[in-house]
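The values are calculated or read from the model by the stated rules, or taken from the named source; none is laboratory data. All values derive from a computational prediction rather than experimental measurement. Positions of Cβ are backbone-derived with ideal geometry, glycine not excepted, and every protein chain shown enters the neighbour counts. Surface areas here come from the heavy atoms of the whole protein model, side chains and all, with no ligands, DNA or RNA. Shrake-Rupley method; radii C 1.70, N 1.55, O 1.52, S 1.80 Å.
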Amino acid sequence: MSWAQISALVFGVGGFGALVAATTSNEWKVTTRASSVITATWVYQGLWMNCAGNALGSFHCRPHFTIFKVEGYIQACRGLMIAAVSLGFFGSIFALFGMKCTKVGGSDKMKAKIACLAGIVFILSGLCSMTGCSLYANKITTEFFDPLYVEQKYELGAALFIGWAGASLCIIGGVIFCFSLSDNNKTPRMGYAYNGATSAMSSRTKYGGEGNFKTTNPSKQFDKNAYV
């Protein structure tokens, strides 16, 4: 079971790192590099700033200075990704306390509950990230295939794929942690059966010893009476 929890922790922490990278990345949507005929220039945008670059290697980034001028779907994706990163952080902390191989967290029963809580938090983190990335991708694809949309069209950036991968890792790790609770509940029943068998063996030995003591005493008294 410790190996399953270790693998779940690796999935969860890896997914959390991917979510942090996706949230801070500026490549949520990019223009194709062949969009310009004269010079190969491209623009890539993220949740926090817009950047532009060219084939010569120069680029410039401009952050979003105000919240009210940012489009609504970007603000929604910001909130979802921040929630995903926060839940992933707390899920990692709970996972460390709930693992069997650590010496913190209390008894095995308490550790099982903490591990289940970590699994639920990881699943919620993955769902938040999956929702945010899917919402952003849906906006990009809708504008790209809309023939009436005359402004600059964008393609899916690398940050979206990183966010989807991180969400999948968090969900997988959370499911493994949740299943570890059912396996931990089976352990006390096995231990109880073993202890019951041991107590039965000890009780038989105790009663057997008393019986032998009672049967040996009359023989000694009979020998004394015979000599007298």
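Structure notes:
Yes/no per residue for (1) farther than 21 Å from Val10 by Cα; (2) touching a Cys at 6+ places or on another chain (Cβ under 8 Å):
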{"site": "Glu143", "(1), (2)": "yes, no"}
{"site": "Leu156", "(1), (2)": "yes, no"}
{"site": "Trp164", "(1), (2)": "no, yes"}
{"site": "Ser168", "(1), (2)": "no, no"}
{"site": "Val175", "(1), (2)": "no, no"}
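- Residue in region 5-23 that is in contact with a Gly (Cβ under 6 Å, 6 or more places away or on another chain), at pLDDT 85 or above, open to solvent by 40 Å² or more (accessible area, probe 1.4 Å) and of a type in the set (A, V, I, L, M, F, W, C) present: yes
- Residue satisfying all of: in region 28-81; part of a loop (DSSP other than H, G, I, E, B) and of a type in the set (Phe, Trp, Tyr); modelled with the lowest pLDDT among these: Phe65
- Qualifying residue in region 26-41 (condition: surrounded by fewer than 16 Cβ atoms within 10 Å (Cβ to Cβ), closer than 21 Å to Cys170 by Cα and of a type outside the set (D, E, K, R)): no
- Pick from region 152-168, criterion part of a loop (DSSP other than H, G, I, E, B) and in contact with an Asp or Glu (Cβ under 8 Å, 6 or more places away or on another chain), ranking: least open to solvent (accessible area, probe 1.4 Å): Gly157
- Qualifying residue in region 106-123 (condition: touching a Pro at 6+ places or on another chain (Cβ under 9 Å), at pLDDT below 95 and either among the acidic types (Asp, Glu) or assigned to a helix (DSSP H, G or I) (or both)): yes
- Among residues of region 97-145, those that are closer than 30 Å to Gln75 by Cβ, in contact (Cβ under 8 Å) with a residue 24 or more places away in the chain and loosely packed, with under 14 Cβ neighbours inside 10 Å, counted: 0
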